[in-house]
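For reference, the structure discussed in these notes is given below.
What follows draws every value from the coordinates through simple rules; no lab data is involved. The structure presented is a predicted model; accordingly, all values stated were derived computationally and were not measured. Here the Cβ is made from the backbone with ideal geometry for all residues, glycine too, and neighbour counts use every protein chain on show.
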Amino acid sequence: MKIETITLREIHMRLKAPFETSFGVMRDRRILLVEVIADGVSGWGEVTAGETPSYNAETTDTAWHIISDFVAPSLIGKTLAAASEVPGLMDCIRGHQMAKAGVENAIWDVEAQQKSLPLSKLLGGMLEQISCGVSLGIRDTPCSLVQKVEEELLSGYQRIKLKIKPGKDIEFVRAVRSNFPEIRLSVDANSAYRPEDADYLKNLEAFNLLMIEQPLYWDDIHAHAKLQRSLCTAICLDECISNSRHALTAIELGACRIVNVKLGRVGGHTEAVQVHDICRARSVPVWSGGMLESGVGRAHNIAMSTLPGFTLPGDVSASRRYWDEDIIEPEVEVTRQGTIQVPQTPGLGYQVRREAINRLTVRSNHWNANR
Ligand code: OSB
Ligand code: MG
């Protein structure tokens, strides 16, 4: 396939409700969308960077810069046999996985359509429905958190993840666990604790958690290995894993027993499949994280979640939990059983709503091979 045009757009979308994590509050999303046309076929990808460099080092603006000045110029006009060749063409760009993933994933959408395959099948996925959980932001009181959990359980979600930070942790988890003794429950600290908190974190062991996600430094696998030795509860790494070598390191050092796979964080579908394969070969379960994506990023997460190692419910939930109006149709819906039906039509399997995207666009950049 020949990369004929690349279009980069920034769209603004307001979340239905603010989402609070240990690193801050997210409400007004500035999302980059990438459209690639190759051999006349249009494919879409989403950059999952945040507005601030607080989850990892990337932001909407760094991704704009890296795509505009390096990624798009290195791909425009190139002829590829497959989307899996894209990482090789971007070898000379260090880091910036989220920027690169937005572009690479659009090319995976193109390849799937060219081959008349659902993207899930092209990636090697088997599942026709995936299991869904929800990630709940930090709240003011344990009581309001319990109410929110109840609402999500009534919708069918199979696993509840609570965001925590020091002081907004034990009492909140205790309240949820005592009201719902049987549910699959996990917590995510987004790096809010320090190795000295190891004894304090042991207080969480009373709540039969499925996992504790990324308790320590965003970039320190060794610190997590030491902590995992002192905890019975499984640690799941998110921020620490930027590629499949990190996943291997973390597993071999005993830094985690579960891995969160995020397409943006690891640089796209090609690397995500490799993370999956390394974990699966070592019987380490994986699941799809989320980054408050629009429908485009969500559709990519759904396709990835069909690989056989995705044995735990992901943070992949219904469009309506995030947006008054999503940019794909149909919107992503979750069944009463807490599953998403994987589309079986070619490519992403959802239509991109161009008129909505045009309305939400605040700036764009365009590359054309013939100009
Ligand atoms: O750590 O998983 C995380 C959102 C923004 C940044 C980091 C994280 C999250 C979530 C939300 O947990 C998951 C979602 O519902 O998209
Ligand atoms: Mg996380």
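Applying the Karplus relation 6.51 cos²θ - 1.76 cosθ + 1.60 with θ = phi - 60° to region 220-225 yields 3J(HN,Hα) values of 10, 6, 4, 4, 5, 5 Hz, where x marks Gly and Pro. When shorter helices are ignored and each DSSP H run of at least 4 residues is given -39500 (n - 2.57), the per-residue value for the chain at 222 nm works out to -9000 deg cm²/dmol. So for region 15-124: antiparallel DSSP bridges make up what percent, rounded to the nearest 5? Just about 90 percent of them are antiparallel. Once you list every other residue whose beta carbon is under 11 Å from the beta carbon of MET1, what net charge do they have if Lys and Arg are +1 and Asp and Glu are -1? Here the charged neighbours net out to -1. Take every DSSP beta bridge whose two residues both sit in the chain; close to 60 percent of them are antiparallel. Compute a Gaussian network model of the chain, connecting alpha carbons closer than 10 Å, and tell me which residue from GLU325, GLU151, GLU293 fluctuates the most. Residue with maximal mean-square fluctuation among GLU325, GLU151, GLU293: GLU151. Mind telling me which of GLN341, GLN113, GLN214 comes out most flexible in a GNM of the chain, alpha-carbon contacts under 10 Å? Sorting by GNM fluctuation, first place goes to GLN341. Taking the number of Cβ atoms within 10 Å of each Cβ as an exposure proxy, the fewest-first ranking of CYS232, CYS256 is CYS232, CYS256. If Lys and Arg each add +1 and Asp and Glu each add -1, what is the summed charge of the other residues whose beta carbon sits under 14 Å from the beta carbon of ALA250? Once all neighbours under 14 Å are counted, the net charge is 0. Loop-located trypsin sites (Lys or Arg not before Pro) in region 225-301 (DSSP state other than H, G, I, E, B) with a sparse environment of at most 15 neighbouring Cβ atoms within 10 Å: ARG282. Comparing mean-square fluctuations of ASN105, ASN358, ASN190 from a GNM of the chain with C-alpha springs under 10 Å, the top value falls on ASN358. The relative contact order of the chain comes to 23 percent, based on Cα pairs under 8 Å that sit 6 or more residues apart. Here region 51-77 and region 152-171 have alpha carbon centers that stand 32 Å from each other. With a cut-off of 11 Å between beta carbons, the residues surrounding ASN203 carry a summed charge of -3, where Lys and Arg count +1 and Asp and Glu -1.
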